[in-house]
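Taking it in order: structure first as structure tokens, then the write-up.
Each value in this text was obtained by applying a stated rule to the coordinates, not by laboratory testing. As the structure is a prediction and not an experimental result, all values here were calculated from the model. As a convention, Cβ positions derive from the backbone with ideal geometry for all residues, glycine included, and neighbour counts pool all protein chains shown.
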Amino acid sequence: MYSSQEELFIKAEEFITICYRELNKVEAIDDRLEMIKNEIKHTDCYTHTFEELEHGAKMAWRNSNRCIGRLFWNSLKVFDKRHLMTEDEIFQSLCHHIEYATNDGKIRPAITIFRQDLDESKQVKILNHQLIRYAGYETEFGVIGDSKSVGFTKECEKLGWQGERTHFDILPIVIEVDGRGPTLFSLPKELVLEVEITHPEFTWFNDLQIKWYAVPIISDMTLEIGGITYSGSPFNGWYMGTEIGARNLADSNRYNLLPKIASSMGLPIDSNLSLWKDKALVELNVAVLFSYKEQGISIVDHHTAAQQFLLFEEQEKKCGRPLTGDWTWLIPPVSPATTHIFHQDYKDAFVLPNFYHRQT
Ligand code: ARG
């Protein structure tokens, strides 16, 4: 075997051994490794069984150091779409993913896995950061929409797409297969569940006309399992409230809503001492959690999420797996020190299988 073949086999061996142990199939390891060795020798790569793909994807979630929601790693639904060849088929299965994950608001964690990368140029790629995301436009009066999307929105416009230029235009899906040049698809409106943000007490909150989408589906990360990489592998969970209320809608370089909310609350926004940002931030987060709950859409507050993460920590310990985590991401952006996570150290080691940001 060539050295790259050897390297691949070593990675496969590492994965198969752990995977089959966890699945109580130790007796099958040797035969499977023999098969993989042969396949690598003849084709330079190997193909996961569905079981390996499914468990590998779950392990990748479990190893995602930045994720506070990992207690639920074993409930991930895996859609095996490795057989799809065309952009059209791929788009159809993305629509199916959105529908399955949304589930009328009772959000289900899922991943859709497309064909594995064959080399640098033979990959299935979704160019969007998330399947559902709002466009952003630079204007002379500032950004309309989501400033995070300005670059990608420009790319879409170059490909002939035109948005309505509201603050909440859903971006099209852009798919690239084997470097064939990007193909653009518009998502059917009825597939995209959105939540109007209202406040349980402040009636003026409605006038702000804020909304957000129900399901975050990350689509620009590569999944690596046993030396095989899947560039097209969009996955979702449900939101933690602060992602929306303390970041997307609040960051001064995103929707920057705190000054508006604080002013409407009658707070003096010229005095840091009044803690107007903090007060507005709390009310915005109350509003986000209230609105999602009221409209029957899954969401978790950061206190509950931290408690669930503690259960995950205990579970991992029981299973004898060393816990890894990225403290800077695990602490919630609101009241971090009220959660146990803040007061603990985590080892930020990269363990495979895992997800990472696509290189190109
Ligand atoms: N933070 C990202 C956003 O606000 C979503 C990341 C994934 N979040 C999740 N709960 N699975 O859109």
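Per-structure values
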quantity	calculated
Principal axis dimensions, largest first and in whole angstrom, of segment 218-327 by Cα	56, 33, 31
Most fluctuating residue given options R180, R82, R247, as computed from a GNM of the chain linking Cα atoms under 10 Å	R180
Volume per residue of the C-alpha convex hull in segment 39-84, rounded to whole Å³	103 Å³
Selection of trypsin sites (Lys or Arg not before Pro), segment 114-171, meeting DSSP coil and at most 15 other Cβ within 10 Å	K122, R165
Stretchable slack from D178 to D88, in nm (0.36 nm times residue separation minus alpha-carbon distance)	31.0 nm
Residue-span extension gain [S3 to E22] - 0.36 nm each, minus C-alpha spacing	4.0 nm
Within the chain, longest stretch clear of exposed chymotrypsin sites (Phe, Trp or Tyr not before Pro) (DSSP loop, no more than 13 other Cβ within 10 Å)	142-349
Rounded tilt (10° steps) of 29-43 against the dominant C-alpha axis of the chain	90 degrees
Principal-axis tilt of helix 276-294 within the chain, Cα atoms, nearest 10 degrees	60 degrees
Least to most buried among L53, L208, L310 (fewest other Cβ within 10 Å first)	L310, L208, L53
Length-normalised contact order of the chain in % [C-alpha pairs under 8 Å, at least 6 apart]	20 percent
Hits among aspartates and glutamates - C-alpha to C-alpha of K277 under 17 Å, sequence gap 8 or more where chains match	E243, D251
C-alpha long axis of helix 3-22 to longest principal axis of the chain, angle in °	70 degrees
Percent of beta bridges antiparallel (DSSP, the chain, rounded to nearest 5)	75 percent
For segment 202-250, the fraction of alpha-carbon pairs in successive 10 Å shells from zero, as %	20, 35, 24, 13, 6, 1
Gain upon complete extension [M265, A349; 0.36 nm per residue less C-alpha separation]	25.9 nm
DSSP loop GluC sites (Glu not before Pro) with at most 14 other Cβ within 10 Å excluded, longest remaining stretch of the chain	202-360
